[in-house]
Amino acid sequence: MESILSSKYLVLIITAIGSMLLTILAQYILNKRSKFRYNVWHNQVGISTDDSIFGSVRVTWNNNAIPNLYLSTAELVNESMKDYENIIVRVYTKNARLLSERTEIVGTTFSLNWTEDYFSKLYVEPGQVPLPEQIELHSQQRDYLIPVINRGQVIRFGYLNSAINSNQPTIWLDILHKGIRLKYGVVNNKIYNVSQPTAALAGIIMGIIVVGIIITYIKTLWLGVIISLVYGLFAQIPGAFTIKLWQKVKQLLGG
């Protein structure tokens, strides 16, 4: 084993082969369907109650009393390593009425517009009133066009809404786009503003280089083991800085 490890040419060949295999694996992972993740949370801001002694409280919408009022917020995150254009996202509910809305592309001054198809379904001629089916569609569903959503980009949706029953409202997101898989759940934690899975993958790739350096230049076995162990424990940190450096290089090159 010592004679094998002492051959620098063999070490370089093994490292090169390992790097190529890892690159193939990374390309396979990157070419799989990209993952978008979203999360929704609700805050109750009003409730209609009747009290014969201290009086009644009324929450109204269009001068009509509604049982409750919630502020619901949804965040959609592009957790893939790709940038996408012209994504249609649908926000819908089955047990609440969506009232006012607010959207934003976090970190920018831009908001989202409705899709042309959705806008045409809700269009009302001047001087006319919306049809019952238009009111129903507006209160149950919204369709938006996301012009650009870069990797790591966050889209935030906010709605004042009223739950139809006594339960908390439920609001869902849906995307039908080639190569995108939408999943509900807690957004992945980030390390230095890079998602942990991405940082871990970059850390593994950098680890091949670190192992090659250790084998080539570190002659003391226990020292090499300690360095490898320490790197393995904190591999996400150099991985995150590698991703950030790569992003800076792309920006400088105009990518």
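The values are calculated or read from the model by the stated rules, or taken from the named source; none is laboratory data. Here the structure is a predicted model, which means the values were calculated and not measured. Glycine also receives a Cβ, built like all others from the backbone with ideal geometry; neighbour counts cover every protein chain displayed.
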Looking at Tyr84, Tyr92, which is the one that is of a type outside the set (S, T, N, Q), out of contact with any Gly (no Cβ under 7 Å at 6 or more places or on another chain) and under 30 Å from Leu201 (Cβ atoms)? Tyr84
Exactly one of (1) in contact (Cβ under 8 Å) with a residue 24 or more places away in the chain; (2) out of contact with any Lys or Arg (no Cβ under 7 Å at 6 or more places or on another chain) is unmet by Leu98. Its number? (2)
A careful count of residues in region 62-105 that are outside any strand (DSSP E or B), of a type outside the set (D, E, K, R) and over 26 Å from Gln168 (Cβ atoms) gives 2
Write out, first by first residue and then by second, each pair whose Cβ atoms fall under 6 Å of each other, whose residues are 6+ apart or on separate chains, and whose first residue, in region 197-219, is within 22 Å of Leu245 (Cβ to Cβ) and without any contact (Cβ under 8 Å) to a residue 60 or more places away in the chain while the second is among the hydroxyl-bearing types (Ser, Thr, Tyr) and crowded, with 16+ Cβ neighbours inside 10 Å. Ala202/Thr242; Met206/Thr242; Val210/Tyr231
Candidates Val187, Val154, filtered to the one that is on the phi < 0 side of the Ramachandran plot and either in contact with a Cys (Cβ under 9 Å, 6 or more places away or on another chain) or at pLDDT 90 or above (or both): Val154
All but one of (1) at pLDDT 95 or above; (2) in a strand (DSSP E or B) hold for Asp117; state the number of the condition that does not hold. (2)
Could you check, for region 52-61, whether at least one of its residues is touching a residue at least 40 places away in the same chain (Cβ under 8 Å) and either outside any loop (DSSP other than H, G, I, E, B) or of a type outside the set (S, T, N, Q) (or both)? yes
Is there a residue in region 80-89 that is of a type in the set (S, T, N, Q) and at pLDDT below 90? yes
